[in-house]
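Just passing along the structure, written as structure tokens.
Computed from the coordinates by the stated procedures, all read-outs in this text should not be read as laboratory data. Because the structure is a prediction, the values reported are computed rather than measured. All Cβ positions, even for glycine, are placed from backbone atoms using ideal geometry, and neighbour counts span all protein chains on display.
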């Protein structure tokens, strides 16, 4: 009798995991993982290295628009070359300041096919009206 009870318990737990967990994941509200500050930093660097400056401006503070425009002007005719050179940005570490409104992200930019380090990038993200945005005014990303 104890063996049958144990087997039923195991099957009911497995049934709950197999059926219940997906239902909970589907019904639960969408998480903000896509808008996590580290993901914003990765998307920003991908936009800059892919010469998608309009999208990069959307991910940065309004004060950073001038810096991005300057970089766009300097890149000029190299835009197609940038778009055709795939890169990857890996976040090495991130540190939130004490007031929790500024995040410092340190990462490395690699050529995707060569796995060769291009440069180390330090980004500053600020919480601007509830959204994390890249502040690249006084930054050495470029």
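Could you put 53, 104, 15 in order, starting from the residue whose Cβ has the fewest other Cβ atoms within 10 Å?
Ordered from fewest to most neighbouring Cβ atoms within 10 Å, 53, 104, 15 come out as 15, 104, 53.
Can you give the three extents of the C-alpha atoms in segment 33-134 along their principal axes, from longest to shortest, in whole Å?
So the extents along the principal axes, rounded to whole Å, are 41, 29, 21.
For 12, 60, what ranking results if the residue with the fewest other Cβ atoms within 10 Å of its Cβ goes first?
In increasing order of surrounding Cβ atoms, one gets 12, 60.
Say R0 is 35 Å: what FRET efficiency, to the nearest 0.05, do residue 39 and residue 11 get from their beta-carbon distance? Numbers along the way, then the final one.
Numbers: r = 39 Å, r/R0 = 1.12.
Once the sixth-power term is evaluated, E becomes 0.35.
Quick check on packing: order 95-103, 117-125, 42-50 by the mean number of other C-beta atoms within 10 Å, highest mean leading.
42-50, 117-125, 95-103
Right, another one. Arranged by the count of other C-beta atoms within 10 angstrom, fewest first, what order do 135, 129 take?
The order, fewest Cβ neighbours first, is 129, 135.
At R0 = 41 Å, how high is the FRET efficiency between residue 118 and residue 18 if r is their beta carbon distance? Nearest 0.05 is fine.
It comes out at approximately 0.35.
What nm value, rounded to one decimal, do you get for the distance between residue 106 and residue 54 when each label is placed 7 Å out toward the C-beta?
3.7
Given points 7 Å out from each Cα along the Cα-Cβ axis, report the residue 80 to residue 3 separation in nanometres with one decimal.
Taking the simple label geometry, residue 80 and residue 3 are separated by 7.5 nm.
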